[in-house]
Amino acid sequence: MGRFNATLYHLEGQYRSLPVTSISRLQVAQSLADFDRIMDTNVKATFIMAQECAAVMRAGGRGGRIINIGSLLSTIGRARLHAYCTSKAAIVGLTRSMAAELGRDNITANVIAPGYFETDINASLTARPGYAEAVSGVTPMERWGRPEELVGTLIYLASAASGFVTGQVIHVDGGIQSSFTFQMAA
């Protein structure tokens, strides 16, 4: 097995609305299957990858960095995004538990929680009439983030400069976490 100094783990997360009111038994079964799929992709896979990386880091005896990707929705809710919000909140809890366990091995574990970014996974959101403008309108930076704006946080968390930073959630969201006040209609 090789040695990891730092690992950043993120699958293109599952993001699908799952209404929980006024649904038939068949829809509940489908919704539960979707919920399980999203939890498997976003949480179970993160756990397995972090567990494997931590084992390599421990065996190497030199510590390391685990950096998981959460979301703005790790710490706030959105109607009809129950599975996604739950999965991203679970990543925060998982990461904090890992930080508590792995600190003695000089392994830090942190979460980067992006807000709304101009990425392929968000193309369906930006295609919705008025959505991009609504997000920009409630973001203090008055725009969506660009992927390269996550790089500095990633470099910091992977570097020796963050050696005493563990169990933290760093929001890279243009300030929306501090002022998020709108609810989009379904």
- Item | Members of the stretch 86-116 found to be surrounded by fewer than 18 Cβ atoms within 10 Å (Cβ to Cβ) and outside any helix (DSSP H, G or I), listed by number | ASN106
- Query: Do we find that GLY70 is within 14 Å of ILE170 (Cβ to Cβ), among the small types (Gly, Ala, Ser) and either within 19 Å of the chain's Cα centre (by Cα) or surrounded by 14 or more Cβ atoms within 10 Å (Cβ to Cβ) (or both) in this structure?
  - Reply: yes
- Task: Give the residue, chosen from ILE69, ILE107, that is within 29 Å of ALA33 (Cβ to Cβ) and among the β-branched types (Val, Ile, Thr).
- Result: ILE69
- Tell me which of these GLY167 doesn't satisfy, since it passes every other one: (1) within 23 Å of ILE67 (Cα to Cα); (2) part of a helix (DSSP H, G or I); (3) touching a helix residue (DSSP H, G or I) at 6+ places or on another chain (Cβ under 7 Å). (2)
- Task: Please go through the stretch 73-102 and pick out each residue that is in contact (Cβ under 8 Å) with a residue 12 or more places away in the chain, more than 21 Å from TYR116 (Cβ to Cβ) and polar (S, T, N, Q).
- Result: THR95
- Item | Qualifying residue in the stretch 50-66 (condition: modelled with pLDDT under 95, in contact with a Phe, Trp or Tyr (Cβ under 7 Å, 6 or more places away or on another chain) and more than 17 Å from VAL169 (Cβ to Cβ)) | no
- Message: among the charged types (D, E, K, R), farther than 21 Å from VAL43 by Cβ, part of a helix (DSSP H, G or I) and at pLDDT 90 or above: which single residue out of GLU148, GLU142 fits that description?
- Response: GLU148
- Task: For ASP40, indicate whether it is modelled with pLDDT of 95 or more, assigned to a helix (DSSP H, G or I) and not hydroxyl-bearing (Ser, Thr, Tyr).
- Result: yes
- Message: Here's a check for you: in the stretch 86-113, which residue that is within 9 Å of the chain's Cα centre (by Cα) and of a type outside the set (A, V, I, L, M) is nearest to ALA161 (Cα to Cα)?
- Response: LYS88
- Item | Qualifying residues in the stretch 139-178 (those that are more than 18 Å from ASN110 (Cα to Cα) and crowded, with 16+ Cβ neighbours inside 10 Å) - the one farthest from the chain's Cα centre (by Cα) | THR139
- Give me the pairs: first residue in the stretch 121-147 and of a type in the set (D, E, K, R), second residue assigned to a helix (DSSP H, G or I) and at pLDDT below 90, beta-carbon distance under 6 Å, and six or more apart or on different chains, which are they? GLU142/SER136; ARG143/SER136
- Confirm whether LEU157 is part of a helix (DSSP H, G or I) and more than 25 Å from ASP40 (Cα to Cα). yes
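The values are calculated or read from the model by the stated rules, or taken from the named source; none is laboratory data. Treat the numbers as computed from the prediction; the structure is a model and nothing was measured. Cβ: placed from backbone, ideal geometry, glycine included. Neighbour counts: every protein chain shown.
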